[in-house]
Structures are given as C-alpha cells and as structure tokens.
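Trainee: First, the structure itself, so that you have it in front of you.
Derivation of every value follows stated rules applied to the coordinates shown; laboratory data play no part. In this text the structure is predicted, and so the values were computed from the model without any measurement. Every residue, glycine among them, receives a Cβ derived from its backbone with ideal geometry; neighbour counts consider all protein chains shown.
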Amino acid sequence: MNDAIKLMMDLLPIAMVETLYMVFVSTLVALIVGTPIGVILVISEKGGIQEHISLNQICSTIVNIGRSFPFSILMVAIIPFTRFIVGTSLGTTAAIVPLSIAAIPFVARVIENALKEVDKGIIEAAQAMGATTLQIIIKVLIPEAMPGIVLGITLTVINLIGYSAMAGLVGGGGLGKIADQYGYKRYNTPIMISTIILLVVLVQMIQWLGNTIAKAINKK
Amino acid sequence: MIRIENISKEFTTQKEAFSAVKNVSIHIKKGDIFGIIGLSGAGKSTLVRCINRLEEPSNGHIYIDGQDITACTDTQLREMRKKIGMIFQHFHLLNRRTVEENIAFPLEISNIRHKDERITELLHLVELEDKRNSYPSQLSGGQKQRVGIARALANKPSVLLCDEATSALDPKTTKSILELLKKINRELGVTMIVITHEMEVIKQICNKVAVMEGGSVVEQGSVIEVFTNPSHPVTKQFVQSVSHDLPKSFITQNTNQKLVRISYQSERVDKPLLSKAIRKFDVDANILLGGIDHLNNHIIGNLIVEFSGEKENIQGAIHYLEENNVICERIEYNE
C-alpha cells in the first residue's frame with residue numbers, strides 16, 4: 001500500500017505540472033494567433049466595420065478546415081511539422097504543437113462569437129466620434145466583449161485539458177500518459193482513479209475561476 | 001452652417017430598391033435648434049445619419065461650415081466627425097467603462113491630454129458630478145443620456161445631432177434633458193439637429209422645423225409658422241397632437257352654426273378682435289375651448305369658437321378676423 005502511495009506521489013505531481021504546462025502554453029499560442037483571426041472574422045463580415053467579404057470567406061474556410069480534424073488524427077497527421085518545430089514528436093513540449101494548432105481555430109470562433117455580442121449601436125457611436133478601426137477594436141470591441149471572451153477562454157482551456165490527455169496516449173506527457181501507462185496498461189486502479197479525480201477537480205476549478213472573473217468584470 | 005443639398009438615400013435589398021430619403025434639401029443656420037419630425041419610417045433618422053455619414057448618401061451633398069462631408073476621404077471624415085457630436089435614443093454608452101471613462105473616450109480618440117479638467121467641466125455641465133465613478137448600469141435613463149451628452153460635447157463640437165434622444169425617456173426626464181440641450185445651445189452656441197416623432201419636443205426647444213413623410217420634406221419653416229399655419233395633413237396631425245382639441249362628440253350638425261379654430265400670436269392680443277367681429281357682424285360666438293402655448297418666447301393662442309347667426313354674417317366675421325392676421329380654420333361638422 002505504501003508503495004502504491006509513494007508511486008502516486010512520485011508520478012502525479014509531475015504529471016499535473018506537465019498537463020498545466022501543455023495547456024497553458026498552447027492556450028497562450030492559440031490566443032495570440034486565434035484572436036486576430038476572430039477579430040478579422042467579425043470586422044470583415046458583411047456590414048462589419050471593415051467589410052471585406054473575400055478575406056472573411058478565406059479566414060472562415062481555414063477555420064472550418066482546422067476544426068474538422070478530430071484531434072487524434074490531427075496529432076498524428078502533423079508529426080512532420082511537429083518534428084520541424086520542436087525537433088521531436090515525443091514528449092510534453094512536442095504535444096504543445098498539435099494542441100495549439102487544434103485550439104487556434106477554436107479560439108478564433110470563440111472570440112468571433114464574443115465580439116458579435118457587442119451592441120452595434122456602441123460601435124456606431126464610436127464611429128460617429130471619429131474612431132479608427134483599430135481604436136474601435138482595441139477600445140470598444142475587445143473591452144466590451146471581455147466577459148464573453150473570458151468564458152470562451154475557459155471553454156478553450158477545458159477543451160485543451162481533454163485534448164492533452166489524448167496527447168498523453170501517443171507520446172505526450174501529463175496526466176493522460178500516467179492514466180494510460182499505469183492505470184490502463186499496468187492495471188493500477190488507484191492511479192487511474194486518482195488521475196480522473198485530479199482532472200475533474202482541475203476542470204471544476206478552472207470553470208469556477210472563469211465564471212468568477214467573467215462575473216466580476218461584467219458591468220451590465 | 002449646415003447645407004443639405006438634394007440628399008437621397010436608397011437601400012437595395014436582393015429583391016428591390018427602397019428609397020428612404022428622397023431629394024431632401026435643408027439649410028440650417030449657426031445656433032439653430034432644427035427639428036426634423038416624422039412618423040417612424042419617414043426617413044428622418046436616415047437623413048440625420050447621412051450628415052455624419054454613418055449612412056452613405058446615394059446622391060447629393062452636405063456642407064458643414066462650407067466643407068463637403070460627402071466628398072471627404074476617410075481620414076478627413078474622422079476629423080470632421082470629431083466636431084459633430086451625436087446622441088442616441090438608446091445612449092450607446094460603453095458598459096464596462098465608468099461615467100468618467102465614457103466621457104474620456106472621445107478625448108482618447110483625439111489624443112487630448114489633461115482629460116481630467118475637461119471631464120470635470122463636462123460633468124458639471126450635465127450635473128452628474130456625483131456619478132463620476134458609476135457604471136452605466138447603475139444610472140437611470142435620464143442620467144445615461146446626460147453622460148451621452150457630455151461625451152458628445154467632449155471634443156467641443158459645433159454641431160450636435162440628436163437622434164430620438166428623448167424617445168426612451170419618461171415625460172419628466174424628457175423635459176429635463178430638453179432643458180439641458182437648450183442650455184447647451186444658448187451657452188455654448190452649439191447648433192443642434194433634433195430628430196423626433198413627438199411634436200412636444202419640437203414645441204419645447206426648436207426654432208425651425210422640417211416635417212418629413214415618405215422620405216421627403218413636406219413642410220419646413222420656423223416653428224411658429226408651422227405651428228400656427230400647418231399646411232400638409234401630416235403637419236396638421238402633429239400640431240393637433242399637442243394642441244387642445246374638441247372631443248368629436250361635441251361637433252354636432254347645425255346649419256346656422258360654424259365651428260372655427262382661431263390661432264393668434266402674441267402681437268395680436270392687444271386688440272379685442274373677437275368682440276369687434278361679433279358686434280360688427282351681428283353674430284354670436286360661443287368659446288368652446290381655449291389654450292395658450294409657449295413657443296420659444298412666442299405666445300400662441302388657440303380658440304375653438306362656435307359662431308352662430310346668418311350665414312353671410314358668419315362669413316363676414318371670419319373674413320374680418322383673417323384680414324387682421326388671425327388664422328381661422330373651419331372645422332367640418334361630422335356627417
């Protein structure tokens with residue numbers, strides 16, 4: 001029994017850190033790349049503040065293609081690209097590449113939906129005051145949509161926790177790898193249950209945090 | 001100041017083209033409070049939105065201080081917009097900014113430093129000093145519109161466009177907002193264009209008015225002219241909506257009587273015209289209803305009088321009144 005607990009204490013903290021590392025970095029990358037795409041989707045649409053139908057269609061198509069890949073397939077399909085970026089397709093850092101790529105189109109849609117919730121009248125008021133498109137994006141669209149964006153990021157993070165566990169099955173690190181190698185392949189039920197509990201608690205905490213922040217910054 | 005020349009605006013949907021504004025020309029002088037009244041769908045809102053090009057006019061020109069805004073490049077347009085304030089029916093404040101930050105917004109856009117001083121000044125003007133750090137959701141409708149007004153005035157515009165600015169407010173709040181607008185017009189000399197569907201608004205603050213229907217201006221002039229002598233049916237409707245009127249059941253059939261609405265301005269009240277007419281033409285006058293309206297320091301009297309007597313005598317009396325610049329409008333008896 002002591003051995004089992006010792007093993008858990010050896011494995012789980014590191015796996016937890018690895019999971020958080022993968023999720024955190026890929027969320028960050030996805031936000032950096034996905035946010036501009038989401039903004040472009042909103043401002044370039046018909047009747048948007050910088051209408052550009054063909055650009056809108058190109059972005060939308062790319063996002064849709066990205067979103068049509070099931071994560072398990074995307075992960076193996078882009079192994080050459082992952083090798084090119086990180087030098088290997090194995091390990092925690094390598095998993096960040098497919099995770100980011102899967103999250104970018106997701107973030108783009110999440111941001112698009114949040115920005116679309118901003119009252120058109122407020123945008124018009126800013127235009128009437130002589131604001132440039134960039135000023136409207138930075139000072140009106142994004143700040144006004146912030147509560148929705150926070151909830152969208154929460155959704156993305158929780159999604160990525162699920163994906164990261166999947167990455168653990170094919171050479172990624174984190175809780176998914178432990179659950180697979182010890183819980184599944186070696187029939188270590190306590191470890192299996194512990195990883196599940198950890199994942200459940202993690203998801204609950206992130207959702208709670210997201211809701212709390214969104215509520216605090218919503219001034220409606 | 002503002003010259004709207006032959007402005008038209010067409011909207012094309014996939015099926016058909018719809019012209020919201022048809023060939024409208026209006027000249028607005030500096031310091032005017034120019035009202036544009038019309039029912040919903042009359043095109044008044046589209047017209048005012050053409051002035052700062054929130055709506056691109058399909059045809060025509062708009063000159064603001066001599067500069068043609070319809071011919072501006074995007075950069076020039078943005079600069080001109082900073083000098084054209086606008087307030088809206090639903091206020092359109094930034095929900096996640098405090099009152100202070102909302103007023104700071106146009107100043108940020110214009111890269112103005114020392115914003116605090118200007119904000120304090122504006123808060124004092126709209127009497128909201130105590131709400132400086134409140135969020136819009138914590139304010140009443142009237143207070144929100146005051147923030148809207150302060151925000152619109154931040155860059156010291158020469159023109160203020162008011163698009164149904166009081167339509168979402170209760171009558172008491174409407175009155176206080178209109179008084180504030182009037183004060184701003186008087187003290188800062190800001191020219192105003194006021195879009196409304198309520199004659200009451202025109203009556204309270206405007207000096208000029210244009211009446212719109214079906215995209216065209218059907219009547220325009222000074223408010224007093226239009227008020228005392230409306231010619232178009234729509235205008236008459238609007239004027240009646242704020243003047244005292246006789247219940248329909250009062251109007252009964254009688255050939256020896258004639259029902260007349262008499263309107264007169266303050267300059268004519270020194271002569272006892274009505275009693276003179278009665279004596280001169282041997283008719284009886286029964287005053288059924290009377291009221292006095294204030295319009296921009298002018299007083300307009302309104303009477304509904306039932307004349308009875310010989311037909312020719314009644315005609316004569318009415319004619320006499322008309323000769324003395326009293327406006328008489330016959331009210332037809334119900335069939």
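Trainee: By average Cβ neighbour count within 10 Å, what is the ranking of B:139-150, A:128-139 from highest down?
Mentor: B:139-150, A:128-139
Trainee: If you don't mind, there's one more thing I want to ask. Roughly speaking, what is the centre-to-centre gap between segment A:15-69 and segment A:170-201 when only Cα atoms are used, to the nearest Å?
Mentor: Spelled out, the Cα-based centre of one part sits 31 Å from the other.
Trainee: While we're on this one: Sort A:207-215, B:42-50 by the packing proxy (mean of other Cβ within 10 Å over each peptide's residues), most packed first.
Mentor: Final packing ranking: B:42-50, A:207-215.
Trainee: Taking only the alpha carbons of segment B:140-237, what extent do you get along each of the three principal axes, in Å, biggest first?
Mentor: 39, 27, 24
Trainee: Follow-up question, since we're still on this one. Report the equivalent ellipsoid semi-axes for the protein assembly as shown in whole Å, largest first, defined as the square roots of five times the eigenvalues of the gyration tensor built from alpha carbon atoms.
Mentor: Taking √(5λ) for each eigenvalue gives 70, 23, 22 Å, largest first.
Trainee: From the P(r) of segment A:1-67, could you give the percentage of C-alpha pairs in the tail past 14 Å?
Mentor: So the portion of pairs separated by more than 14 Å is 71 percent.
Trainee: Under 5 Å between amide hydrogens, which residues at least 5 positions from residue B:36 or on another chain qualify, with H placed 1.01 Å from N in the peptide plane?
Mentor: B:194, B:195, B:196, B:210
Trainee: Taking a quarter of the surface of the convex hull around the Cα atoms of segment A:39-137, what do you get in nm²?
Mentor: Orientation-averaged projected area of the Cα hull: 7.7 nm².
Trainee: State log₁₀ I(q)/I(0) for segment B:8-147 at q = 0.18, 0.19, 0.21 Å⁻¹ as given by the Debye formula over alpha-carbon point scatterers of equal weight, solvent excluded.
Mentor: Log-scaled intensity ratios, in q order: -1.16, -1.20, -1.28.
Trainee: Inverting the mean 1/r over all pairs of different Cα atoms, compute the Kirkwood radius of segment A:132-220 and quote it in Å.
Mentor: Kirkwood hydrodynamic radius for segment A:132-220: 15.1 Å.
Trainee: Just to verify a number: FRET efficiency for residue B:275 and residue B:65, C-beta to C-beta distance, R0 = 60 Å, to 0.05?
Mentor: The value I calculate is 0.70.
Trainee: So what's chain A giving for Cα Rg divided by 2.2 N^0.38 Å, two decimals?
Mentor: This ratio for chain A stands at 1.19.
Trainee: Seen from all sides and averaged, what is the projected area of the convex hull of the Cα atoms in chain B, in nm²?
Mentor: Average projection, Cα convex hull of chain B: 21.1 nm².
Trainee: Same structure, new question: Quick one: angle between helix B:233-242 and the longest Cα principal axis of chain B, in degrees between 0 and 90, rounded to 10, please.
Mentor: 90 degrees
Trainee: Using Cα atoms only, what is the angle between the long axis of helix B:141-153 and the major principal axis of chain B, expressed in degrees (0 to 90) to the nearest 10?
Mentor: 70 degrees
Trainee: Would you compute, from DSSP H runs of 4+ residues alone, the mean residue ellipticity of chain A at 222 nm, taking -39500 (n - 2.57) per run and dividing by the full residue count, rounded to the nearest 500?
Mentor: That calculation yields -26000 deg cm²/dmol at 222 nm.
Trainee: Related question: Near residue B:236, which lysines are there with a Cα under 24 Å away, not counting those fewer than 8 places off in the same chain?
Mentor: Excluding near neighbours in sequence, the set is B:22, B:44, B:175, B:203, B:208, B:248, B:258.
Trainee: In addition: Express in whole angstrom the spacing between the alpha-carbon centres of segment A:70-92 and segment A:139-163.
Mentor: Between the Cα centres of segment A:70-92 and segment A:139-163 lies a distance of 26 Å.
Trainee: Measuring from centroid to centroid over Cα atoms, what is the spacing of segment B:120-184 and segment B:1-36 in Å?
Mentor: About 26 Å separates the Cα centre of segment B:120-184 from the one of segment B:1-36.
Trainee: Here's something else I'd like to know. Given the convex hull over the Cα atoms of segment B:82-130, what projected area results after averaging over all orientations, in nm²?
Mentor: Value for segment B:82-130: 3.9 nm².
Trainee: Also, quick follow-up: Please report the net charge: other residues with Cβ closer than 12 Å to the Cβ of residue A:44, K and R +1, D and E -1.
Mentor: -2
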